[in-house]
Amino acid sequence: MDRKNFIESLGIGVVGLMGANAITSCQPEKPKSALSTSFSRAKIPHAVAMWDFSWLERRWPGAGYEDWDQALDELAERGYNAVRIDAYPHLVAENPEKEWLLDPEWGMHDWGSPAPVKVSVQPNLNTFIKKCKDRNIIVYLSTWWRNDSEKSIAKIKSPEDLAEVWIKALKTIDRDLHENIYMVDLCNEYPHAEWPKFLPPNHVETYSHEDYETWMRASIPLVKKEFPDFNYTFSFFGDEWVKPGDKLDYLDIIEIHVWMENFSDFTERINYQWKPFDFNDYYNMQKAETTYRSDEGYWKSKVQEGIDFAVQLSEQTGLPLITTESWGSITYKDWPGLDWGWQKEICAFGVEQAAKTGRWISMCTSNFCGPQFKGMWRDIAWHNELTAKIKSAQILSDLYK
């Protein structure tokens, strides 16, 4: 079978295979790097859902994840073939099967628990990954560094400690499940003030760009030495830290979150205050659709600005892009006066524009592709339309050089 027929037999779109800028999802004649080997398992780009820490914490009746079989069947029904979850590495490293009491990250959003909640990470993590594997759903491991009552994160004081925590956690995952893990994100949205709780409390005021980079550059090789078959990254909150010109040569993938909001003044216009336990923010969010409808072209241009920024990073580093949180507003929920229509509209725009670039090997449809967001989740046709576009997107071959 010749090269073109081989690729087409996998169900992958091919454009200009013989050109220097060929677009393809497979390069079989080249030596396989960790990236190409792992990516080839899926055969097609990943349509990924962010299930964060909700997969384990939102298990009370009606919370969305109390029945993993049902939730994952619904995920597959909507066309998703990947899911990003919190692996709670600091808890697993300390005691994988212990029941931990976690503090709420917030009370008003529908990710995770709005109240203190008890969880045991293992063997639940292995069970969940196995259920994903049974459905051909690839798993991305990340962490939001959830606070437990014993403050386990405080034991991480160096990049070496950070690596050791992840190494211990990955060792608890059954070996036959490793082939179903695509990516390990050592910290969600690094170094956004809310998430890398292992950094000094005053790091925003005292750390330099180089200080933040040191943690990434020193920790990833240590974990990769123990587990070389995974792709490693630290995910980023838009352009908050990562800048054009950064080499990022210690990453395998750029995992960047791109919203209209973090490339614009949208939240300022609706007076959204980012207060995690104050529902006044959702009263202000009731102005979101009117604000968006008043100048749809402008807000879409802000999404495009974020896409262009991510593409620039990918082009200058040669790294592929993954985006697991994106496009519309950062926060939203089923709430009086909040309609999902405009969110679906701008998210569709983001998916379509990003897919055209050839630089994304994985992307989500929104920040809300989970069963707890019922107004978004029930529109199965919308999910299928966008996940089909994601999985049929063509990938520039230079990402596999």
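Taken together, the values in this text are just the output of simple stated rules run on the coordinates, not laboratory data. Because the structure is a prediction, the values reported are computed rather than measured. Note: ideal-geometry Cβ built from the backbone for every residue, glycine included; neighbour counts use all protein chains shown.
Of all beta bridges that DSSP places with both ends in the chain, some 20 percent have antiparallel geometry. Remark: for residue pairs K300/K374; K197/K391; K118/K333; K275/K300; K243/K275; K157/K243, the C-alpha separation exceeds 30 Å in K197/K391. Only alpha carbons enter this Debye calculation for segment 177-220, each as an equal point scatterer, and the log10 of I(q)/I(0) it gives at q = 0.13, 0.21, 0.22 Å⁻¹ is -0.35, -0.73, -0.78. With 10 Å bins beginning at zero, the pair-distance distribution over Cα atoms of segment 279-357 amounts to 16, 45, 27, 11, 1 %. Taking a sphere under 11 Å around the Cβ of S264 and counting the other residues whose Cβ falls inside, with K and R at +1 and D and E at -1, yields a net charge of -2. Within the shell of other residues whose beta carbon sits under 12 angstrom from the beta carbon of K131, the net charge comes to -1, with Lys and Arg scored +1 and Asp and Glu -1.
Using the Cβ of V165 as centre and a radius below 9 Å, the other residues enclosed give a net charge of -1, where K and R count +1 and D and E count -1.
Tell me which of V48, S235, V92 sits at the most positive position along the dipole axis of the chain, charges placed on C-beta atoms (Lys, Arg +1; Asp, Glu -1). Checking the options against the dipole of the chain, the answer is V48.
Legend: distances between Cα atoms for K131/K344; K302/K356; K171/K225; K168/K224; pairs beyond 20 Å are K131/K344. Segment 326-351 and segment 71-106 have Cα centres spaced 24 Å apart. Working from the Cα coordinates of the chain, the gyration tensor eigenvalues give, after taking √(5λ), semi-axes of 29, 27, 22 Å in decreasing order. The sum of -39500 (n - 2.57) across all DSSP H runs of n ≥ 4, divided by the residue count of the chain, sets its helix-only mean residue ellipticity at 222 nm to -11000 deg cm²/dmol.
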